[in-house]
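K.L.:
Structure below; questions to follow.
Throughout, read-outs are computed from the coordinates displayed, never taken from laboratory work. None of these values were measured; they are calculated from a predicted model. For neighbour counting, all protein chains shown are included, and Cβ atoms are generated from backbone atoms with ideal geometry for every residue, glycine included.
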Amino acid sequence: MTKSHYDLCTSVTPECPVNETLYGYYPNLGANAFFAALFAFLLIAQLIIGTWTKTWTFMLAVGLGVFGEMAGYIGRLIMHQNPWSNAGFEAQICCLVLAPSFLAAGIYLTLKHMVIYCGPEYSHLKAKWYPWIFIGSDLGSIIVQAIGGGVAASAKNSTNKSLLSAGDALIIAGIALQSVTMSVCGLLVLDFFLARRKARTEHKAELEGTASLDATTLPNDVHTKSPLRFRIFCCAIGFAFFTILVRCIYRIPEMAGGWGNPRMRDEPVFLGLDGAMVAMASIAFTVAHPGFMFPPMRKGRRNPA
């Protein structure tokens, strides 16, 4: 067969070998089944915990993220049976590209409440703007990636390779926008916590040698019930932020090499830097769920903006 004739392939045959597919391999059955089952379990856990604790918006964002991951790995299981499957390819490319954006939105949803909780005066950005700006930008990246994924999926078996390249370019642009959004957000949050730490240190120095209350407590400290749980929650959100950012950074060169490039055909690296990173972020969201660790995010428990 000539290269163009591979566009007509629908299953693996001597004329349509697996090495001529975009990925060039049968997706590993055990690894992809594990991730599909893990994300299905996390989806159920998020729905139960979110409903129980009434953290509706967080449940929606993270729930969509883990559902997308589950669907993506089901698509890869379909491709294990048939690497030429259009349905499997479309499911995995669209879902696994988009899902982490919803998980990132879950992080942004917590920031407004965290800033209000710890002291909005230490943030250069008003607390109410965190979800508007960063979820808005995240939504933009989702739209761009969705268009790119749709174009790429529809062009997979098309003779028009420029259409496939256009879809690839849109996906890269969307992931790059997501990476920039996360980086800016991370810098703002880091600056916020450093400013708060500095204020705490200065406050302690002012009260040294006096008989005042705890010198490490700022006037606006409100976390008096469970500071340990709040610290665990902050660590979990920071860990999830880091793992999702690693995934985004990996995806940019992976997609930039073009369809069928060596990076894209390296499944162990993909499973490690995409699947495992997103899985660890999702586990952190579940184990340190704000419904348990950060009650101010529950519906009906409002802080002044």
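K.L.:
Return, in residue-number order, each cysteine of the chain whose C-beta is not under 4.7 Å from any other cysteine's C-beta.
P.N.:
Unpaired cysteines in the chain: CYS94, CYS95, CYS118, CYS185, CYS234, CYS235, CYS248.
K.L.:
Filter the DSSP H helices in the chain by two things, a Kyte-Doolittle mean of at least -1.0 and an axial alpha-carbon span of 27 angstrom or more, and list the hits by number.
P.N.:
Helices meeting the span and hydropathy rule in the chain are 29-53, 56-81, 86-118, 136-155, 161-207, 227-256.
K.L.:
Where does the chain land at 222 nm, in deg cm²/dmol rounded to the nearest 500, when only DSSP H runs of n ≥ 4 count, each adding -39500 (n - 2.57), divided by all residues?
P.N.:
Estimated from H runs of four or more residues: -23000 deg cm²/dmol.
K.L.:
Within the chain, how many lysine pairs that are 8 or more places apart, or on different chains, have C-alpha atoms less than 28 Å apart?
P.N.:
Qualifying lysine pairs in the chain: 23.
K.L.:
For Cα pairs less than 8 Å apart in space and 6+ apart in sequence, what is the mean separation divided by the residue count of the chain, i.e. the relative contact order in percent?
P.N.:
Normalised by residue count, the contact order of the chain is 21 percent.
K.L.:
Hey, could you grab the Kirkwood Rh for the chain? Inverse mean 1/r over distinct alpha carbon pairs, Å, one decimal.
P.N.:
The answer is 20.9 Å.
K.L.:
Nothing charged except the Cβ atoms of Lys and Arg (+1) and of Asp and Glu (-1): what's the magnitude of the dipole of the chain about its Cα centre? Round to the nearest 20 debye.
P.N.:
Around 940 debye, computed over the chain.
K.L.:
If exposed GluC sites (Glu not before Pro) are those in a DSSP loop with at most 13 other Cβ within 10 Å, what is the longest stretch of the chain that has none?
P.N.:
The longest uninterrupted stretch comes out as 16-207.
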